[in-house]
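One structure is given below, encoded as structure tokens.
The values are calculated or read from the model by the stated rules, or taken from the named source; none is laboratory data. All values derive from a computational prediction rather than experimental measurement. Every residue, glycine as well, gets a Cβ built from its backbone with ideal geometry; the counts of neighbours run over all protein chains shown.
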């Protein structure tokens, strides 16, 4: 049986310590009809020499130089030069289980176009995986097992950047990697949702995700909390906001303040609720913080909840459900 070509998009920059292990895991795949579009984003270490050595031995590995700068332009250039019916992304410091591509293709063949193949991920480290990443792994895998990733879309990126596959036509339909909007993996996730793609449930480990201190997601300004919040607000206003309904912000911590400031700059009015009695009736940005009592006076409000504490989130979710509010329609967790 003829296998469909899979295009693997992999930008790299200064990952010489890990890139050999990454490429070797691709070469060992049980599914062998792939092309690796691996793009150098200005490495100053031995990464490019290592990739060149692999490319000289395997014609499926195509080494490219980023004509621009940054991971988005590298991904865009890789996609432009790819030919596969299916497209996936891989990070140059991570590892694929040998069955990953085969399982992804089989899932897409079973479910058809309009779907995204996603799988379970596991962080690993030469030292110790941080608690934050371990919690994220467990939370993300819980969503993936049921294919309910988009149910928590505004909480955090619900599709891991190096563990998805979709058809070429679906990826192009989402206008992937345009424009240069960071964080790029989260932006693509919102695009998948916007264009109606559905996540295929999976209970199998498909990706080994390396945790180390110099990961781009830990060191680059594009992955600061401000960028995440700006992206969430951008898509909320585009996809879910109903100007005819009252808008409520719940929480006056850092995220709540940043969100309030952005809404004010956009001339969008809102009610600001805080559950801390010590902050209620105070003014921030000339906006008065109100108690939960105001909520009952509003007609069909839309609420953005910015509180990070999991216990408090559960309390608010119970409160919303008790008032017949529907998640991803009437209330949204920006946490």
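For the stretch 21-63, the set of residues classified as touching a helix residue (DSSP H, G or I) at 6+ places or on another chain (Cβ under 7 Å) and surrounded by fewer than 16 Cβ atoms within 10 Å (Cβ to Cβ) consists of 30, 58, listed by residue number.
Residues in the stretch 4-27 that are touching a strand residue (DSSP E or B) at 6+ places or on another chain (Cβ under 9 Å) and either in a loop (DSSP other than H, G, I, E, B) or over 12 Å from residue 50 (Cα atoms) (or both): 13 in all. Restricting attention to the stretch 287-308, the residues that are within 26 Å of residue 235 (Cα to Cα) and either assigned to a loop (DSSP other than H, G, I, E, B) or modelled with pLDDT under 85 (or both) add up to 7.
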